[in-house]
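The values are calculated or read from the model by the stated rules, or taken from the named source; none is laboratory data. All values reported here derive from a predicted model rather than from experimental measurement. Methodologically, a virtual Cβ is constructed for each residue, glycine included, from the backbone with ideal geometry; neighbour enumeration extends over all protein chains shown. Surface accessibility is based on the protein's heavy atoms, side chains included, excluding ligands, DNA and RNA. Shrake-Rupley method; radii C 1.70, N 1.55, O 1.52, S 1.80 Å.
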Amino acid sequence: MRAPIAEPNPGDLIEIFRPFYRHWAIYVGDGYVVHLAPPSEIAGAGAASLMSALTDKAIVKKELLYFVAGKDKYHVNNKHDQKYAPLPPSKIVQRAEELVGQEMLYKLTSENCEHFVNELRYGVPRSDQVRDAIMAAGIAGVGLAAVGLIGAVISRNKRQKQ
């Protein structure tokens, strides 16, 4: 039997595992979260909602957590509490509630849903999934460059032996 998911506390960061990326929300109490979502975001849409990330505007929404998560798994992830002091929960919730309904700039790399919730909880906008993707791309690029260099050296050595 699966253990019930513990009720989050107001001000907690909620990580929702969508296919190919993670969506973030902030818990504000009574089953509700506040999150930044492109206007075409369909809660629980999984991979289909990934396409909505190609917009440059987003709406701050207050919706039931179970509706936002849909069939996707989620959990509380206050992962930066050791690095940054979280604001008081009442302040986090107040700040989140004040933004509901506002249209905001949305950029996948610098102003996404993870930046949004970290700004509310810690006062620091950051996105680890963006940082991780950039690092992975950099490592892949270095790897491809190394393969190309090795190939060029082998090719040159073959030509010199002929």
**OP:** Go through (1) open to solvent by less than 80 Å² (accessible area, probe 1.4 Å); (2) in contact with a helix residue (DSSP H, G or I) (Cβ under 8 Å, 6 or more places away or on another chain); (3) within 21 Å of residue 111 (Cβ to Cβ); (4) at pLDDT 85 or above one by one and return the number of the condition residue 31 breaks.
**Re:** (3)
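Identify the residue in the stretch 8-23 that is open to solvent by 20 Å² or more (accessible area, probe 1.4 Å) and either among the hydrophobic types (A, V, I, L, M, F, W, C) or in contact with a His (Cβ under 9 Å, 6 or more places away or on another chain) (or both) and, among all such residues, is nearest to residue 85 (Cα to Cα).
First, pick out the residues of the stretch 8-23 that are open to solvent by 20 Å² or more (accessible area, probe 1.4 Å): 9-10, 17, 19-22.
Of the ones still in play, those that are also either among the hydrophobic types (A, V, I, L, M, F, W, C) or in contact with a His (Cβ under 9 Å, 6 or more places away or on another chain) (or both) are 17, 20.
Values: 17: 25, 20: 30 Å.
The residue in question is 17.
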**OP:** Sort out which residues of the stretch 116-130 are surrounded by 15 or more Cβ atoms within 10 Å (Cβ to Cβ) and either small (Gly, Ala, Ser) or out of contact with any helix residue (DSSP H, G or I) (no Cβ under 8 Å at 6 or more places or on another chain) (or both), and write them in order of number.
**Re:** 116, 117, 118, 119, 122, 127
**OP:** All but one of (1) modelled with pLDDT under 95; (2) under 20 Å from residue 8 (Cβ atoms); (3) of a type outside the set (Gly, Ala, Ser) hold for residue 106, so report the exception by its number.
**Re:** (2)
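How many residues, within the stretch 15-38, are in contact with a Ser or Thr (Cβ under 8 Å, 6 or more places away or on another chain) and either part of a loop (DSSP other than H, G, I, E, B) or within 15 Å of residue 92 (Cα to Cα) (or both)? Walk me through how you get there before you give the answer.
From the stretch 15-38, those in contact with a Ser or Thr (Cβ under 8 Å, 6 or more places away or on another chain) are 18, 23, 37-38; that's our starting set.
Now restrict to residues that are either part of a loop (DSSP other than H, G, I, E, B) or within 15 Å of residue 92 (Cα to Cα) (or both): 38.
Count: 1.
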**OP:** Hey, can you tell me all the residues within the stretch 87-107 that are crowded, with 17+ Cβ neighbours inside 10 Å and under 20 Å from residue 16 (Cα atoms)?
**Re:** 92, 93, 96, 106
Subject >> All positions within the stretch 62-75 that are closer than 15 Å to residue 30 by Cα and either open to solvent by 70 Å² or more (accessible area, probe 1.4 Å) or in contact (Cβ under 8 Å) with a residue 40 or more places away in the chain (or both) >> reply: 62, 65, 66, 67, 68
